[in-house]
1. To the nearest 20 debye, what is the magnitude of the charge dipole of region 52-136 about its Cα centre, counting +1 on the Cβ of each Lys and Arg and -1 on the Cβ of each Asp and Glu?
2. When only Cα pairs under 8 Å and 6 or more residues apart are kept, what is the percent relative contact order across region 8-78?
3. Run the paramagnetic zone check for residue 64: 7 angstrom along Cα to Cβ, then residues of region 20-37 with backbone nitrogen under 11 Å.
4. Could you point to the residue in 151, 186, 30 farthest towards the positive end of the chain's charge dipole, with +1 and -1 charges on the Cβ of Lys/Arg and Asp/Glu respectively?
5. When the Kirkwood hydrodynamic radius is evaluated over all pairs of different C-alpha atoms of the chain, what value in angstrom, to one decimal, is obtained?
6. Charges at C-beta only: +1 for Lys and Arg, -1 for Asp and Glu. How large is the resulting dipole of the chain about its Cα centre, in Debye rounded to 20?
7. Based only on Cα atoms, what mean projected area does the convex hull of region 52-184 have, in nm²?
8. What is the local net charge at residue 39, summed over the other residues whose Cβ is closer than 10 Å to its Cβ (Lys, Arg +1; Asp, Glu -1)?
Amino acid sequence: MTTSHLYLLKDLTKTYKQKGKLVAALKGVNLEIARGEFVSIQGPTGGGKSTLLQMLGGLDQPTSGSITLVDQPLETLSEAKLTEVRAKNIGFIFQNYNLIPTLTALENVQTALVPSGEGKAESRERALAALELVSLSDRADHLPAELSGGQQQRVAIARALVKNPEVILADEPTGNLDEDTRDQIIELLVALNKEKGITVILVTHDSSVANKAGKRLHIAKGNVETR
């Protein structure tokens, strides 16, 4: 039976050892994120934002509690299965774009399809379609150094989109951009959320970005609250 929620977190806790002391990055988080939601996460530096995003991406394991994505308990999956889930269900966008400098925009987008074993022709077709969605198909053969910061972030979004993911996890996606470009990138993510039904979860320090979200989360000292 398919549920309406995409993510379900129950009593999720994450502790780290730092200089011989235990630090609680997440404290008993209970959270439900529905399919198709646009969610922002704000809070002070060191408050647990990145830890929460890593948990949602299956990049880190909780100390206790549970986290399910599409009814799959991420905390019990093998590393091989987690890799498969990330490859199929999750698109990642980072503040620093994380593009490979020696590859063209098209080739960078195609890298997201490598784990799925996509054939060369189909991979190229899908990558071009993803670049078209972000209005960059005319820059397909350009290297990252030949693109502006905003264009590089669009390539990164295309790379996240090409897998047809259930969710896009974005970590400060507009942190390195000027205001006009920031607004363009956020409007693109809002449009993808509304028109494609892709769940978007983004970490941001920028309240004008956070205000675009239908659900706003605030995390401080490991505690999450909805605002």
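Rule-based calculations on the coordinates, nothing more; no lab input. Everything numeric in this text was worked out from a predicted model, so none of it was measured. Virtual Cβ from ideal backbone geometry, glycine too; neighbours counted across all protein chains shown.
1. On the way: 6 positive and 10 negative charges, 22 e Å.
Here region 52-136 has a charge dipole of around 100 debye.
2. Values: 99 pairs, mean separation 25.8, N = 71.
Answer for region 8-78 is 36 percent.
3. Residues passing the 11 Å test: 28.
4. 30
5. 18.1 Å
6. Values: 26 positive and 27 negative charges, 181 e Å.
Roughly 880 debye, rounded to the nearest 20.
7. On the way: hull surface 34.6 nm².
Convex hull of Cα atoms, orientation-averaged projection: 8.7 nm².
8. Values: positive: 215, 216; negative: 37.
Value of the local net charge: +1.
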